[in-house]
1. So if R0 is 22 Å, what FRET efficiency would Ser592 and Ser674 give, r being the distance between their Cβ atoms, rounded to the nearest 0.05?
2. So for the pair Ala384, Arg65, with labels modelled 7 Å out along Cα→Cβ, what separation do we get in nm?
3. Roughly speaking, what is the centre-to-centre gap between region 141-178 and region 694-749 when only Cα atoms are used, to the nearest Å?
4. Write down the percent of antiparallel bridges among all DSSP beta bridges whose residues are both part of region 392-582, to the nearest 5.
5. Any idea which of Gly57, Ala754, Ala150 is furthest toward the positive side of the dipole for the chain, if Lys and Arg beta-carbons carry +1 and Asp and Glu beta-carbons -1?
6. What is the Cα centroid distance between region 463-528 and region 210-278, reported in whole angstrom?
7. Taking the number of other C-beta atoms within 10 Å as the exposure measure, put Thr561, Thr407 in order starting with the fewest.
8. For the chain, give the magnitude of the charge dipole about the Cα centre (Cβ charges: +1 Lys/Arg, -1 Asp/Glu; no others), in debye to the nearest 20.
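Read the figures in this text as sums done on the coordinates, not as results from a lab. All values reported here derive from a predicted model rather than from experimental measurement. Glycine also receives a Cβ, built like all others from the backbone with ideal geometry; neighbour counts cover every protein chain displayed.
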Amino acid sequence: MKHAILKAFVTGTVALATPVSAMAQNDSASQSADIDALIARMTLDEKIGQLVQRMGGRSKSLNSRLGPEELDKVRRGEVGSYLHVAGADALRELQRVAVEESRLGIPLLFSMDVVHGYRTIFPVPLAMAASWDPEVAERHARIAATEASAAGLHWTFAPMVDIARDPRWGRIVEGAGEDAYLGSRMAAAQVLGFQGTDLSAADTIMAGTKHFGAYGAAEGGRDYAGAEVSERAMRETYLAPFRAAAEAGSASYMTAFNALNGVPTTGNEDLLRTMLREEWGWNGLLLSDWRAVEELMAHGVAGTRSDAARLALEASVDMDMVADVYAGDLKEAIKGDPALLPLLDQAVRRILDAKRKLGLFVDPYKYHDAAREAEVILSSDHRAAARDIAERSFVLLKNEGDILPLTKGAQKIALVGALADDALSQLGSWRAQGRAEDVVTLRAALEAAHHNVVFAPGTDARTDDVTDIPEAVAAAESSDLIVLALGEDYDWSGEARSRSSLELPGRQLALFEALAATGKPLVVVLMGGRPLAIPEVAEKADAVLETWLLGIESGPAIVDTLFGDNNPGGKLPASFPRTTGQVPVSYDHLPSGRPADPDLSKDTARYMDQPITPLYAFGHGLSYTRFSFGEPSVDRSSIPANGGEVTIALDVTNDGARAGDEVVQLYMRDPVASVSRPVQQLRGFRRVTLQPGETKRVSFTLSADQFALWSREGEWVIEPGEIELMVGSASDDIRGRVSVTIDGTGRGSIAPAAIPTRSKVQ
């Protein structure tokens, strides 16, 4: 019946007041015909309106711009989407205006950057990547979607899947770190969590995978700066997580701010239309980042706003975020070049199709249930999940003499560091609707769990004030041990938060040195959103626990871990440099004709003043127990290049007295190829829980496609020869090696890092 109503509407046999919300979820051919018929009835202004995303407010003042003038734009069909809006009741009314008071009744899309939680704030994405557990990423996204959808939202601008090899770049906090394979698995998991298996369900939202291109390769780690990246690096590394997200069904992408090899991403037709859409076959909704269409003029590739509109539309950017370039200037561009009209229709079709997939043409109000909003947001179950995920995100960097876990008892603890009592910082960047009052800090949790605690802030990350350091030293001297919170607060990482130095900000190092000089046992709780250069801390502290920024349950999770109720099992998703000048120091670098040698009389690929190795390598992470690895074996010594598979298996044993998690990591190396290959590449991992004395057998099955490389001829090629497979506890802690031979030559299809490796634990 609804489908018939729409048919009548688009053919003009019913009154114009009949809403388009009558569209049913029919077969794909019928749905396409319905959308085509609707487009045929749209005026040029209404088509352009669908391409316009406007601000409904600001991130700290949602819905504040939805006054009478704005509602009139909705009535005229001049808006397709809003961001910085939320609230079931408020958005129901806004949607009502769109579907009941506009000529065509097309529903709006409501969006927000829900990056690591809506109101229930989880660890920052880099921390969740440290879990090396895609189920963590999926679980968080599922809860975030549940809360965001209950607040009336349809669309999030997440996951951010940019590979970041330079920790000076502030937005490393939003992604999964330096590795394409780990990043791909986290990307796919989040897409599944946000979108579920049915995008039209009322508790799912559309993923907005970002920022398409090589945004994380920005020159010097400076946000928004251009990137010069080879096609091989693009294909094999930077684009792999985007391809994994596409394979997982990501319904939308967002373009990057920066220029790639001289061409701004938002106007890069080769990258967006040719590669993403035509080569990959992806046909979802493509959105610019904030004012990025307008910024094509600042990049120097567009002389006018009309030129910018034309370039973006030609590149296949469907929606213009807040710049109003499409709204104000696309008509002029079309007047000058009518060949843009079919491209406009394509963009409108993709936007309408996204709204259809969300089920908005069937029920535009299904996301607007105030009762559900009140029930699910910040529920006890969601808080429990936040604590569990936080506990899986810790990385134990150092534990000299097994000082951790601490003993519960009468010992007096000096808790030092302003970050220990900083609730706001634990929310991290892009905290959506997270509130400081929802956070349980380390200070609050430790004082609740341990009766003999003295707190002294010492100094913080934002000032050079050292006047309170003597008080902190006195507290330490009167205590049995020190727990020192160091690192970055929330405003040191995130968008536009690049740093020239990776050392501890402020006078925190002076505080550390003063406390270390007391001779008291010293446990450092390292907080922040990026790898830091902390050689002094690594040398002098008895233990270093990387806690990142963990969200609303940070304090209880840290206390549980300090006292051994939780055994840390995370691993680093990005290498920690010894100094800022060592950056980049990623593990999967290319070999050198003159490998690094500490002998300074030899001319080799090293520094005069520092080792070539990182302070803490990718994949590093300790435990309160010890694990041993058996010798790995493969089920065959050779596989055909076309369709071949190999399984590598090994035993892993917990040799200690505590239950714990080990992340078994599988790396590969192609020692002889047509192009120089990285010294290591991650190709599989599995987090395994083992009881004391328990042994489990872990296996990984790889396809020949996962050994492909991007050739000099510009295609995925599987070359014959030997492949070395390595298993270990970290990239610099390899426990066993085996080899397999590729027979013949084959063709790959997608980036090997985007292909999931099957694993099994027995």
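1. Numbers: r = 18 Å, r/R0 = 0.83.
With a Förster radius of 22 Å, E is 0.75.
2. Here the modelled spin labels are 4.1 nm apart.
3. Comparing the Cα centres of region 141-178 and region 694-749, I get a distance of 30 Å.
4. Details: 4 of 22 bridges.
If I count the DSSP bridges inside region 392-582, around 20 percent turn out antiparallel.
5. Ranked along the dipole, the leading option is Ala150.
6. Taking the Cα centre of each part, region 463-528 and region 210-278 sit 37 Å apart.
7. On the way: Thr561 23, Thr407 10.
Going from least to most buried by this count: Thr407, Thr561.
8. On the way: 77 positive and 105 negative charges, 250 e Å.
About 1200 debye.
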